[in-house]
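**Q** Before I ask anything, let me first share the structure, which is written out below as structure tokens.
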Amino acid sequence: MSDHFSEGRYFNPWGTSARGLMDVLRWKLERGAKPWPATVVDPPPPPLPDLVQEQLGATFLGHASLLLRLPGLTVITDPVFSKRASPLSWIGPARVRSAAFGPNQLPKLDAVLVSHNHYDHLDLPSLRALAAKGARTAITPLGNGRWLKAAGFPEVIELDWWQSTEVAGGRVTLTPAQHWSSRTPFDRNRALWGGFRLDAGGRSAFFPGDTGYGPHFAMIRERLGPVDLAALPIGAYEPRWFMASMHMNPEDAVKAHGDLGAVASAAMHWGTFRLTDEGIEDPPKALAAERERAGLDPGSFRVLAHGETWVR
Ligand code: ZN
Ligand code: ZN
């Protein structure tokens, strides 16, 4: 028995309804989208710092791609290096800034983590490139393994919420998220979505994938304990009537940071692909305002530059 799977489809157990085609039409007819620049050129990223002993490093590569290094465990999350987050190379959201590091510039990966099957998170050319570079293990929620096998990973591990697996010197646990899935018009919610909690060498990190705000953050802290460093999505949130059930805004992210008992949080899921209506710089600005309103130390929830590594 599962509280999030029935008749071939997954669902959010705390009862958020999915948006339908009429909602998409209403959103697009409202024409509330703010313009984005076509290109943003970042300064070249500094080289990846070496970590010593018990250090933990989070490098923001862009969107939801992060290199997370714990003592004995190095992973990448939702790697996307392609020009578009789309099934087609010539249409769909185009990236406005390059990934800070490409597959050739990354250290040896113990695992590639893929949170769900949306195109801005599961990108086959990027996964193929990492498998070709020698990454062996891929970890993903139930139902997504076939894409990772197709990408060429010799070891593909599918997990249900709360299941975990040992990899290299650590443990990876799949955590619940409030979201949905689809890659075609015919496979809505046929594959699961989720986040990843990492524990290695006495340190911990958390990557929620895409998620709306919900009771799951408090549940994750209750079951797995507070976390040293969380990567939290702050973008793709306007208009709220449509997006709140699937993407957090900065206000939600600050709540999630508290619910998780995160010692430190790094912002992600903004600034690369224009998916929704807010302006490109709105998420970091709103996060700064929200931190101040909530009386949160700016150093505890940071917006990393693209390519920056936060060592903790
Ligand atoms: Zn998504
Ligand atoms: Zn996304």
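The values are calculated or read from the model by the stated rules, or taken from the named source; none is laboratory data. Here the structure is a predicted model, which means the values were calculated and not measured. Glycine gets a Cβ as well: all are built from the backbone with ideal geometry, and neighbour counts include every protein chain shown.
**Q** Could you check the stretch 75-92 and list, in sequence order, the residues that are at pLDDT below 90 and more than 17 Å from the chain's Cα centre (by Cα)?
**A** Within the stretch 75-92, 87, 88, 89, 90, 91, 92 meet the criteria.
**Q** State which residue is farthest from residue 281 (Cα to Cα) when the search covers only the stretch 95-115 and only residues that are away from ligand 1 (no atom under 16 Å from the Cβ) and polar (S, T, N, Q).
**A** My answer is 104.
Table: residues versus (1) touching a residue at least 40 places away in the same chain (Cβ under 8 Å); (2) under 24 Å from residue 185 (Cα atoms); (3) part of a strand (DSSP E or B).
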| position | (1), (2), (3) |
| --- | --- |
| 92 | no, yes, no |
| 100 | yes, no, no |
| 115 | yes, yes, no |
| 147 | no, yes, no |
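**Q** How many residues does the stretch 238-253 hold that are surrounded by fewer than 24 Cβ atoms within 10 Å (Cβ to Cβ) and either of a type in the set (Lys, Arg) or closer than 17 Å to residue 290 by Cα (or both)? Spell out how you get there, then give the answer.
**A** Start the filter on the stretch 238-253 by keeping residues that are surrounded by fewer than 24 Cβ atoms within 10 Å (Cβ to Cβ), which leaves 238-246, 251-252.
Add one more test, that the residue is either of a type in the set (Lys, Arg) or closer than 17 Å to residue 290 by Cα (or both), and what stays is 238, 240, 244, 251-252.
Total satisfying the criteria: 5.
**Q** Filter the stretch 117-134 down to the residues that are touching a Ser or Thr at 6+ places or on another chain (Cβ under 9 Å) and not in a helix (DSSP H, G or I), then identify the one that is surrounded by the fewest Cβ atoms within 10 Å (Cβ to Cβ).
**A** Among them, the one singled out is 119.
**Q** Out of all the residues in the stretch 62-94, which are over 26 Å from residue 161 (Cα atoms), away from ligand 1 (no atom under 16 Å from the Cβ) and touching a strand residue (DSSP E or B) at 6+ places or on another chain (Cβ under 7 Å)?
**A** Residues satisfying the conditions are 83, 94.
**Q** Can you list residue pairs whose Cβ atoms sit under 9 Å apart, with the first residue in the stretch 6-32 being touching a residue at least 40 places away in the same chain (Cβ under 8 Å) and the second being among the β-branched types (Val, Ile, Thr)? Count only pairs 6 or more apart in sequence or on different chains.
**A** The qualifying pairs are 27/276.
**Q** Here's a follow-up. Pairs, please: C-beta under 6 Å, at least 6 apart or cross-chain, first residue within 18 Å of residue 72 (Cβ to Cβ) and at pLDDT 95 or above and in the stretch 190-211, second within 14 Å of ligand 1 (Cβ to nearest atom) and of a type outside the set (A, V, I, L, M)?
**A** 196/207; 207/77; 207/195
**Q** Right, residue 166: more than 28 Å from residue 55 (Cα to Cα), part of a strand (DSSP E or B) and away from ligand 1 (no atom under 16 Å from the Cβ) or not?
**A** No, not satisfied.
**Q** Taking the condition of being in a loop (DSSP other than H, G, I, E, B), over 14 Å from the mean Cα position of the chain (by Cα) and small (Gly, Ala, Ser), how many residues in the stretch 217-260 meet it?
**A** The total comes to 3.
**Q** Considering every residue within the stretch 206-216, establish whether at least one is closer than 30 Å to residue 52 by Cα, assigned to a strand (DSSP E or B) and away from ligand 2 (no atom under 16 Å from the Cβ). Walk me through how you get there before you give the answer.
**A** Residues of the stretch 206-216 that are closer than 30 Å to residue 52 by Cα, as a first pass: 206-209.
This time we only want the ones that are assigned to a strand (DSSP E or B), so: 206-207.
Going one step further and asking which of them are away from ligand 2 (no atom under 16 Å from the Cβ), we end up with 206.
Scanning the stretch 206-216 turns up at least one residue that is closer than 30 Å to residue 52 by Cα, assigned to a strand (DSSP E or B) and away from ligand 2 (no atom under 16 Å from the Cβ).
**Q** Just to be sure, is residue 170 more than 16 Å from ligand 2 (Cβ to nearest atom) and either surrounded by 24 or more Cβ atoms within 10 Å (Cβ to Cβ) or more than 27 Å from residue 90 (Cβ to Cβ) (or both)? Even if it seems obvious, please write down each step before you answer.
**A** Details: more than 16 Å from ligand 2 (Cβ to nearest atom): yes; either surrounded by 24 or more Cβ atoms within 10 Å (Cβ to Cβ) or more than 27 Å from residue 90 (Cβ to Cβ) (or both): yes.
Answer is yes for this residue.
**Q** Which residues, counting only those in the stretch 61-80, are crowded, with 19+ Cβ neighbours inside 10 Å and in a loop (DSSP other than H, G, I, E, B)?
**A** If the condition is that a residue be crowded, with 19+ Cβ neighbours inside 10 Å and in a loop (DSSP other than H, G, I, E, B), then 63, 64, 78, 79, 80 are the ones that fit.
**Q** Now for a different question. Can you tell me which residues in the stretch 245-269 are in contact (Cβ under 8 Å) with a residue 60 or more places away in the chain and within 16 Å of ligand 1 (Cβ to nearest atom)?
**A** Scanning the stretch 245-269 gives 245, 246, 268, 269.
**Q** Any residue in the stretch 293-310 that is under 26 Å from residue 92 (Cβ atoms) and either in a strand (DSSP E or B) or of a type outside the set (A, V, I, L, M) (or both)?
**A** yes
**Q** Still on this structure, I have one more. Looking at residue 107 and the list (1) outside any loop (DSSP other than H, G, I, E, B); (2) away from ligand 2 (no atom under 15 Å from the Cβ), which single condition is not satisfied?
**A** Exception for residue 107: condition (1).
**Q** All but one of (1) touching a residue at least 12 places away in the same chain (Cβ under 8 Å); (2) part of a loop (DSSP other than H, G, I, E, B); (3) away from ligand 1 (no atom under 16 Å from the Cβ) hold for residue 186, so report the exception by its number.
**A** Tallying (1) touching a residue at least 12 places away in the same chain (Cβ under 8 Å); (2) part of a loop (DSSP other than H, G, I, E, B); (3) away from ligand 1 (no atom under 16 Å from the Cβ), residue 186 fails exactly one: (1).
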